[in-house]
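Notes follow once the structure below has been shown.
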Amino acid sequence: MNAVEKESSGVKKGAMISVDESIQETILNFFKEALEKKCFDAALIPVRVPAGDSYSWILIQDKSLLKDANPISPIMPVQGAKALSSLTRKGKGDLKIAAIMRPCEIRAAIELFKLEQINLDNVFLFSFDCPGALPLLDYIEDPEKGEKIFNSSYAGNIWNDEPMKPVCKMCDNFSIPNCDLHFGILGFKENNLLLIPNSTKGESILKKMGIASEKNLSDWEKKVDEVRKKKEKIKKETYHNIQPMVEGLDSLLKTFANCIACHNCMSVCPICYCRQCYFDSEVSKFTSENYLLRAEKRGGLRFPSDIILFQSGRMSHMSLSCVSCGMCEDACPVSIPVAQIFSYVADKTQKAFEYQPGRNIGEPLPLKDYKEEELQEIKELVKDFVSQE
Ligand code: SF4
Ligand code: SF4
């Protein structure tokens, strides 16, 4: 059993860590010390590219290389769960790895673990209260300005959602996910932040580093709750605005009228992991005769064709596990609010199955694990249908 399955016993407490130059610097110093003390062998962490206009996931073993890393990067060019999947999909390997990721990335990693696309045996998952991420296009326009805007948006007690991606503004799952250790940075006071162990694996790291977790978390929890309530309100308003864009075929056709079928939204999505996708396969391409017949029947046929089939197919494939990370919207070249749409649909699907992606590593994926009685229900439905014919 993976250690993240075990909840820490008793009332949750955290360790108080004093902030040096910045929150990022403090987290990096913690990682340096943990590497020195051999708590893990390498860290998977975002590092700013030499050109300064983006970030890459780098697996760092040499602690001196951490100087260019930024655990709370202002943008998400690649979803962390995708990076972790590339690293561990074929097995756990010999190295013990610490991956520091946003809560939505951790949730996606848990979903990919359930889908056997990630191996967490030798992985320590670190997370932090996430202030959101900037839209990629805004950042690329002026990276230095982007860095400043992002860093000032979460310094101190009041967080500024305004410059963040739309899905980040409404994200009510921005704090402590199913990780091993969590940095509580929300409302940090007197230059301190919290380090909260969230599993036996996390507790073992703190023990090895000689850090005691004795601090009561009630102030921080209160602050998290306050921000969550605000975000829940924004989410409700956003879903209210998105609803007319997706309900009914005519609305869907209008919403995706500008879609150029580039499939960027699919390529960047951590949950779309299939090696061979139907929509990119030869099976989804038809002969000229077939297209002509369809054009004849409808009076005309749009190219690229089957846009709604692609969008609804993707929705049905991954809406149980969509973690509302916003990668798809960032990657859309024609500014369709894909992530807000998928988040809205996913919310409905997930509520119907009483399922929350990434909430609990032991919670089975509803469409992956069947119960015998559910098959019986389907048998009865088919029987009813046949008898009505
Ligand atoms: S559909 Fe979009 S928001 Fe949902 S998990 Fe995939 S990339 Fe993230
Ligand atoms: S990224 Fe945008 S344009 Fe490309 S397939 Fe997805 S919705 Fe369509």
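The values are calculated or read from the model by the stated rules, or taken from the named source; none is laboratory data. In this text the structure is predicted, and so the values were computed from the model without any measurement. All Cβ positions, glycine included, derive from the backbone under ideal geometry; neighbour counts span all protein chains shown.
Brief remarks follow.
- Test for VAL323: is it of a type in the set (A, V, I, L, M), near ligand 2 (Cβ under 10 Å from one of its atoms) and either part of a loop (DSSP other than H, G, I, E, B) or more than 27 Å from SER175 (Cβ to Cβ) (or both): no
- Within the range 267-295, the residues that satisfy the criterion of being within 16 Å of ligand 2 (Cβ to nearest atom) and in contact (Cβ under 8 Å) with a residue 60 or more places away in the chain are SER267, VAL268, CYS269, PRO270, ILE271.
- Of the residues making up the range 129-169, those that are of a type outside the set (Val, Ile, Thr), at pLDDT below 95 and closer than 18 Å to LYS233 by Cα are TRP159, ASN160, ASP161.
Here is a yes/no grid of residues against (1) within 24 Å of LYS169 (Cα to Cα); (2) polar (S, T, N, Q):
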position	(1), (2)
VAL49	no, no
TYR55	yes, no
LEU84	no, no
LEU87	no, no
LYS114	no, no
ASN119	no, yes
ASP138	yes, no
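This table checks each residue for (1) assigned by TED's automatic domain parsing to the domain that holds PRO77; (2) modelled with pLDDT of 90 or more; (3) touching a helix residue (DSSP H, G or I) at 6+ places or on another chain (Cβ under 8 Å); (4) of a type in the set (Val, Ile, Thr).
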| site | (1), (2), (3), (4) |
| --- | --- |
| GLY313 | no, yes, yes, no |
| CYS332 | no, yes, yes, no |
| VAL338 | no, yes, yes, yes |
| GLY358 | no, yes, yes, no |
| LEU367 | no, no, no, no |
| VAL386 | no, no, no, yes |
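- In this entry, LYS169 is excluded by the filter for residues that are over 16 Å from PRO103 (Cβ atoms) and basic (Lys, Arg).
- Residues located in the range 251-285, provided they are aromatic (Phe, Trp, Tyr) and surrounded by 14 or more Cβ atoms within 10 Å (Cβ to Cβ): PHE256, TYR273, PHE279
- In the range 160-173, the residues that are in contact with a Phe, Trp or Tyr (Cβ under 9 Å, 6 or more places away or on another chain) and either within 21 Å of GLY14 (Cα to Cα) or in a loop (DSSP other than H, G, I, E, B) (or both): ASN160, PRO163, MET164, MET170
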